[in-house]
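For reference, the structure discussed in these notes is given below.
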Amino acid sequence: MENKKEMRAWLDDMNLDHPLVVAGPCSAETEEQVLKIAHELKDTDVNYFRAGIWKPRTRPGMFEGVGALGLKWLQKVKKETGMKVCTEVANATHVKLALEHDIDMLWVGARSTVSPFIMQEIADALQGTDKPVLIKNPVNPDLALWLGGIERIYSSGVKNIGAIHRGFSTYEKSKYRNNPEWQLAIEFQNKFPDIPLINDPSHITGKRDMVFDISQAALDLNFDGLMIETHYDPDNAWSDAAQQVTPSSLVQIMRDLKIRKETDAEVEYQNALNNLRAKIDVIDNQIIGLLGNRMVASDGIGALKKKKNVAVLQSKRWNEILGKMVLEGQDHGLSEEFILKMFKAIHQESINHQEKIING
Ligand code: PEP
Ligand code: MN
């Protein structure tokens with residue numbers, strides 16, 4: 001799949017002076033709930049009203065959505081508020097029904113993007129539609145799988161495309177419900193600068209008080225929009241209660257976000273600078289994470305050495321590492337002086353760790 005300008009025409013044609021905003025409840029629960037939220041969002045910056053009607057839940061027996069009945073409620077939202085509406089589709093029947101009910105935009109959920117069979121089925125059912133289709137990243141951090149899903153949809157003739165970054169599940173404990181893994185989103189943007197990229201801070205954080213910070217981070221990385229779950233009574237929502245915000249909090253979030261518009265040279269410079277700084281912040285966090293992992297491995301070696309009563313400092317091995325890293329550094333434009341300084345510092349920290357283990 002090639003990057004094509006036409007992929008983002010649907011968004012550019014909206015001529016928005018702010019990032020695209022998609023908001024509404026995780027799930028449509030009742031007709032009253034859907035309409036009440038929609039009316040509260042009507043005169044805000046929200047561009048598309050969202051509500052899930054077929055809900056992929058981790059375990060059976062949980063609320064699995066109201067089903068096709070919800071399509072009628074979304075039609076009512078359109079009629080009463082004039083807002084455009086969108087919902088999640090996960091198979092050919094969903095697509096057929098959503099298109100028949102003139103739903104304005106569709107998205108594919110993270111649990112569907114993981115399956116090429118499902119993606120092909122959805123792509124075939126979408127053939128020829130001019131509605132925008134947004135593809136969420138797969139549950140697992142696999143950029144190729146995400147791009148493959150998008151390619152299937154695009155190849156079936158859907159030209160109005162977008163991607164939603166909703167974070168990735170991990171086995172390790174994390175403060176996020178789904179780790180953002182920003183480096184994957186950045187790689188996505190580098191490969192496909194013309195596919196609109198929407199951030200979903202609700203599913204990344206899983207907690208409403210973290211939604212603002214993730215939204216700001218996304219805008220600093222030049223994301224094209226936000227999808228934020230919104231409910232008038234989040235605590236009593238039938239799904240994803242902890243992460244939904246109220247309509248008034250959403251308005252406050254939108255007001256507080258620093259949205260940088262590309263209007264003049266100065267602002268463009270600021271945009272470019274912020275974008276690069278945001279990338280550096282992501283990379284710095286990765287460096288710290290990697291160094292932490294390196295120390296954990298080194299602690300393991302410390303424990304082994306203790307068992308076998310072996311000296312902490314192994315000069316031969318250390319000189320081998322240094323030599324290899326100097327060469328590796330050259331390939332990446334890093335000076336020998338820098339590599340030596342950096343690795344000496346890393347090595348010293350490892351020795352300190354291991355000594356603590358052996359003597360502790
Ligand atoms: C949702 O948007 O409510 C949803 C189920 O999201 P995801 O596919 O990202 O888990
Ligand atoms: Mn949800």
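The values are calculated or read from the model by the stated rules, or taken from the named source; none is laboratory data. Everything numeric in this text was worked out from a predicted model, so none of it was measured. Positions of Cβ are generated from backbone atoms using ideal geometry, with glycine treated the same way; all protein chains shown enter the neighbour counts. For accessibility, only protein heavy atoms count, side chains too; no ligands or nucleic acids. Shrake-Rupley method; radii C 1.70, N 1.55, O 1.52, S 1.80 Å.
Considering only the range 210-238, state which residues are aromatic (F, W, Y) and in a helix (DSSP H, G or I).
F212 - this is the single residue of the range 210-238 that is aromatic (F, W, Y) and in a helix (DSSP H, G or I).
Does A265 satisfy the condition of being free of Cβ contacts under 8 Å to residues at least 40 places away in the same chain and either aromatic (F, W, Y) or within 13 Å of ligand 1 (Cβ to nearest atom) (or both)?
On the way: free of Cβ contacts under 8 Å to residues at least 40 places away in the same chain: yes; either aromatic (F, W, Y) or within 13 Å of ligand 1 (Cβ to nearest atom) (or both): no.
No, not satisfied.
I'd like the full set of residues that are open to solvent by 10 Å² or more (accessible area, probe 1.4 Å) and either outside any helix (DSSP H, G or I) or more than 15 Å from ligand 2 (Cβ to nearest atom) (or both), limited to the range 198-209.
So the first thing to find is which residues in the range 198-209 are open to solvent by 10 Å² or more (accessible area, probe 1.4 Å), and the list is 203, 206-209.
Once the filter is applied, which keeps residues that are open to solvent by 10 Å² or more (accessible area, probe 1.4 Å) and either outside any helix (DSSP H, G or I) or more than 15 Å from ligand 2 (Cβ to nearest atom) (or both), the range 198-209 yields G206, K207, D209.
Let me confirm something: among F49, F63, which residue is surrounded by 23 or more Cβ atoms within 10 Å (Cβ to Cβ) and within 16 Å of ligand 1 (Cβ to nearest atom)? Can you show your working first?
Values: F63 fails: surrounded by 23 or more Cβ atoms within 10 Å (Cβ to Cβ).
After ruling out the rest, the residue left standing is F49.
Condition first: closer than 20 Å to I228 by Cα and either aromatic (F, W, Y) or open to solvent by 20 Å² or more (accessible area, probe 1.4 Å) (or both). Now tell me which residues in the range 66-80 satisfy that.
Passing the criteria: W73, K78.
For the range 243-292, what are the residues that are in a helix (DSSP H, G or I), in contact with a helix residue (DSSP H, G or I) (Cβ under 7 Å, 6 or more places away or on another chain) and within 16 Å of ligand 2 (Cβ to nearest atom)?
Result: Q243, single match.
Pairs, please: C-beta under 7 Å, at least 6 apart or cross-chain, first residue assigned by TED's automatic domain parsing to the domain that holds R57 and in the range 89-114, second among the hydroxyl-bearing types (S, T, Y) and near ligand 1 (Cβ under 9 Å from one of its atoms)?
From the range 89-114, the pairs are A90/S112.
Are any residues in the range 149-181 open to solvent by 30 Å² or more (accessible area, probe 1.4 Å) and more than 21 Å from A90 (Cβ to Cβ), and if so, which ones?
Residues satisfying the conditions are K159, T170, Y171, E172, K173, S174, K175, Y176, N179, E181.
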